[in-house]
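Encoded as structure tokens, the structure appears first; notes follow it.
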Amino acid sequence: QQQVKQSPQSLIVQKGGISIINCAYENTAFDYFPWYQQFPGKGPALLIAIRPDVSEKKEGRFTISFNKSAKQFSLHIMDSQPGDSATYFCAAPMGGQNFVFGPGTRLSVLP
Amino acid sequence: DAGVIQSPRHEVTEMGQEVTLRCKPISGHDYLFWYRQTMMRGLELLIYFNNNVPIDDSGMPEDRFSAKMPNASFSTLKIQPSEPRDSAVYFCASSRDRSPETQYFGPGTRLLVL
């Protein structure tokens with residue numbers, strides 16, 4: 001069974017700081033790695049994803065970095081804002097429509 | 001569009017009772033997914049449908065769990081009999097195609113089995 005390791009479990013960042021969340025996977029059915037954002041009481045929502053024909057993808061303040069040889073990818077949130085406070089999940093594809101999700105990182109951005 | 005609609009939002013039941021969770025996907029979405037989220041196991045895919053047909057139910061934990069999609073606008077996830085370890089948040093999601101970029105999650109049903 002594919003496992004995805006995610007760290008840290010929780011993260012506290014000052015407003016304006018950089019939040020960094022890391023994920024490592026074992027094997028994948030294909031190369032596509034999404035990150036999800038979940039606010040309390042809500043379902044997860046796709047935040048950003050990368051197809052590793054590139055090693056980095058940036059969308060606004062959010063950047064995914066991917067290291068295929070190390071089987072690792074990370075999410076960077078630049079200029080973190082209190083509104084970014086949420087739980088973040090990485091995921092890796094198992095095959096078909098099935099993704100294995102990381103255990104989540106609870107991010108708190110202090111004002 | 002109203003998004004993915006789930007009902008009930010909260011359910012408290014006693015062990016042994018039957019529980020039925022309901023989902024209305026976004027109109028025009030051909031894929032429907034049921035997930036379960038717990039502190040211990042995180043977010044897990046239970047089953048997904050394509051054009052109302054179950055495609056992969058390998059994540060369904062036991063025979064006590066069953067899911068149906070009688071038409072394109074409605075799906076149910078049933079647990080019979082329920083057990084305390086089934087307590088979790090159950091999410092329904094739908095997508096237009098196979099790409100996660102088109103997948104949208106519902107607000108979830110928080111189930112507590114006493």
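Inspect segment B:9-20 for any residue being at pLDDT below 95, part of a loop (DSSP other than H, G, I, E, B), open to solvent by 60 Å² or more (accessible area, probe 1.4 Å) and away from chain A (no Cβ under 11 Å) and give the result as yes or no.
Looking through segment B:9-20, none of the residues is at pLDDT below 95, part of a loop (DSSP other than H, G, I, E, B), open to solvent by 60 Å² or more (accessible area, probe 1.4 Å) and away from chain A (no Cβ under 11 Å).
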### Message
Quick check on segment B:55-70: of everything there that is modelled with pLDDT under 95 and outside any loop (DSSP other than H, G, I, E, B), which residue is least open to solvent (accessible area, probe 1.4 Å)?
### Response
B:Asp56
### Task
Of all residues in segment B:42-54, count the ones that are open to solvent by 60 Å² or more (accessible area, probe 1.4 Å) and assigned to a loop (DSSP other than H, G, I, E, B).
1
### Query
How many residues, within segment A:45-90, are touching a Pro at 6+ places or on another chain (Cβ under 7 Å) and within 22 Å of B:Glu101 (Cβ to Cβ)?
5
### Task
Select, from A:Ala91, A:Ala70, A:Ala49, the only residue that is among the aliphatic types (A, V, I, L, M), touching a residue at least 40 places away in the same chain (Cβ under 8 Å) and within 11 Å of chain B (Cβ to nearest Cβ).
A:Ala91
### Message
Which residue is modelled with the highest pLDDT, if the candidates are limited to segment A:1-41 and must be in a strand (DSSP E or B), among the aliphatic types (A, V, I, L, M) and under 13 Å from A:Ala92 (Cα atoms)?
### Response
A:Ala24
### Task
List every residue pair whose Cβ atoms sit under 7 Å apart, with the two residues 6 or more apart in sequence or on different chains, where the first one lies in segment B:87-114 and is more than 17 Å from A:Ala91 (Cα to Cα) and without any contact (Cβ under 8 Å) to a residue 40 or more places away in the chain and the second, anywhere, is of a type in the set (Asp, Glu) and open to solvent by less than 10 Å² (accessible area, probe 1.4 Å).
none
### Task
Select from segment A:46-83 the residues that are touching a Leu at 6+ places or on another chain (Cβ under 8 Å) and of a type in the set (Phe, Trp, Tyr) and list them in ascending order.
A:Phe62
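With the structure loaded, tell me whether A:Ser65 is assigned to a strand (DSSP E or B), of a type in the set (S, T, N, Q), in contact with a strand residue (DSSP E or B) (Cβ under 9 Å, 6 or more places away or on another chain) and at pLDDT below 95 or whether it fails that test.
On the way: assigned to a strand (DSSP E or B): yes; of a type in the set (S, T, N, Q): yes; in contact with a strand residue (DSSP E or B) (Cβ under 9 Å, 6 or more places away or on another chain): yes; at pLDDT below 95: yes.
Yes: the conditions hold for A:Ser65.
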#### Entry: Residue list for segment A:16-46, restricted to those being within 14 Å of chain B (Cβ to nearest Cβ) and of a type in the set (Asp, Glu)
A:Asp31
### Task
State the number of residues belonging to segment B:89-114 that are open to solvent by 10 Å² or more (accessible area, probe 1.4 Å), in a strand (DSSP E or B) and touching a Ser or Thr at 6+ places or on another chain (Cβ under 8 Å).
4
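Before we move on, is A:Tyr32 of a type in the set (Ser, Thr, Tyr), open to solvent by less than 20 Å² (accessible area, probe 1.4 Å) and within 11 Å of the chain's Cα centre (by Cα)?
Numbers: of a type in the set (Ser, Thr, Tyr): yes; open to solvent by less than 20 Å² (accessible area, probe 1.4 Å): yes; within 11 Å of the chain's Cα centre (by Cα): no.
For A:Tyr32, the condition - of a type in the set (Ser, Thr, Tyr), open to solvent by less than 20 Å² (accessible area, probe 1.4 Å) and within 11 Å of the chain's Cα centre (by Cα) - is not met.
The values are calculated or read from the model by the stated rules, or taken from the named source; none is laboratory data. A quick note: this is a predicted structure, and the numbers were derived from the prediction, not measured. Cβ coordinates were reconstructed from backbone atoms using ideal geometry, including for glycine residues, and neighbour counts include every protein chain displayed. Please note that ligands, DNA and RNA were not included when accessible areas were found on the heavy atoms of the full protein model with its side chains. Shrake-Rupley method; radii C 1.70, N 1.55, O 1.52, S 1.80 Å.
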